[in-house]
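One structure is given here, and the rest of the page talks about it.
The values are calculated or read from the model by the stated rules, or taken from the named source; none is laboratory data. All of these numbers come straight from a predicted model, not from anything done at the bench. Here Cβ is always computed from backbone atoms with ideal geometry, including for glycine, and neighbour counts include all displayed protein chains. Note: accessible area is taken over every heavy atom of the protein model, side chains too, but ligands, DNA and RNA are not part of it. Shrake-Rupley method; radii C 1.70, N 1.55, O 1.52, S 1.80 Å.
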Amino acid sequence: MATRDDILAAAHEIVRTSGIEGLHARTVATRVGINHAAVHYYFPKRVDLLLGLWEEAAQRFEAERSACVEKSGHLRGELEMIERICAPDHGFIAVWSSLFVSSLIEPSLKQPLTEWWVAWTERYRSAVQTARKSEIDRKSPFRDRHLVLAEMIGLAMGAHLFGDDFNAGKRLATILKSLEP
């Protein structure tokens with residue numbers, strides 16, 4: 001029998017490739033190879049599936065972010081994570097932006113998305129604060145956590161829309177360079 005994780009992985013892939021419009025219990029069930037009643041067992045309402053999808057996407061994101069920070073240090077790790085999610089095939093932005101749009105209709109999605117944004121912007125702020133003074137140009141506009149994360153969302157959406165023609169890595173290198181003295 002399919003597990004909750006199998007259903008969420010299928011939902012993630014459907015939204016990543018087809019958008020939120022393609023996410024229904026039947027499409028998930030078909031992808032997993034189960035009866036749609038099994039999807040309803042774990043997720044009685046569509047909003048439950050959307051909340052589960054967000055939880056799954058946030059967990060994936062956090063695991064990757066932690067690996068980047070561990071490998072490259074706090075600030076560079078955060079910026080490397082931004083570059084990763086800007087890759088056209090990553091999927092996080094497709095899922096995040098789809099859920100953001102859905103939150104306009106389904107208010108219960110707004111809180112977890114907002115909590116994630118606040119937590120990540122706080123981690124980024126902390127990364128900038130704890131970086132040695134010699135590592136950050138005080139005049140860089142990217143010291144502002146909301147500006148960097150808004151830029152990240154814009155870069156990632158550009159990457160999602162334009163694919164390989166959009167070089168998010170080059171743009172992020174400019175941001176990183178502005179943070180150096």
| field | Hits in the stretch 1-21 (condition: out of contact with any Ser or Thr (no Cβ under 8 Å at 6 or more places or on another chain) and open to solvent by less than 20 Å² (accessible area, probe 1.4 Å)) | value | 2, 7, 8, 10, 11, 12
| remark: Among the residues of the stretch 71-94, the number that are crowded, with 18+ Cβ neighbours inside 10 Å, on the phi > 0 side of the Ramachandran plot and more than 12 Å from the chain's Cα centre (by Cα) is 0
| request: Might you check whether a residue that is more than 30 Å from residue 128 (Cβ to Cβ) and of a type outside the set (Lys, Arg) occurs anywhere in the stretch 53-70? | output: yes
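A quick yes/no check of all residues on (1) among the acidic types (Asp, Glu); (2) modelled with pLDDT under 80; (3) closer than 22 Å to residue 16 by Cβ:
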{"site": "36", "(1), (2), (3)": "no, no, yes"}
{"site": "49", "(1), (2), (3)": "no, no, yes"}
{"site": "62", "(1), (2), (3)": "yes, no, yes"}
{"site": "66", "(1), (2), (3)": "no, no, yes"}
{"site": "81", "(1), (2), (3)": "no, no, yes"}
{"site": "89", "(1), (2), (3)": "yes, yes, yes"}
{"site": "98", "(1), (2), (3)": "no, no, yes"}
{"site": "105", "(1), (2), (3)": "no, no, yes"}
{"site": "120", "(1), (2), (3)": "no, yes, yes"}
| query | Given the conditions (1) among the β-branched types (Val, Ile, Thr); (2) surrounded by 19 or more Cβ atoms within 10 Å (Cβ to Cβ); (3) farther than 19 Å from residue 90 by Cα; (4) touching a residue at least 24 places away in the same chain (Cβ under 8 Å), and given that residue 28 satisfies all but one, which numbered condition is not satisfied? | reply | (4)
| query | If you go through the stretch 99-123, how many residues are within 17 Å of residue 11 (Cβ to Cβ) and either open to solvent by less than 20 Å² (accessible area, probe 1.4 Å) or aromatic (Phe, Trp, Tyr) (or both)? | reply | 6
| query | Quick one: which helices (runs of 4 or more DSSP H) sit completely within the stretch 11-128 and have at least 2 residues that are of a type in the set (Asp, Glu) and out of contact with any helix residue (DSSP H, G or I) (no Cβ under 6 Å at 6 or more places or on another chain)? | reply | 46-72
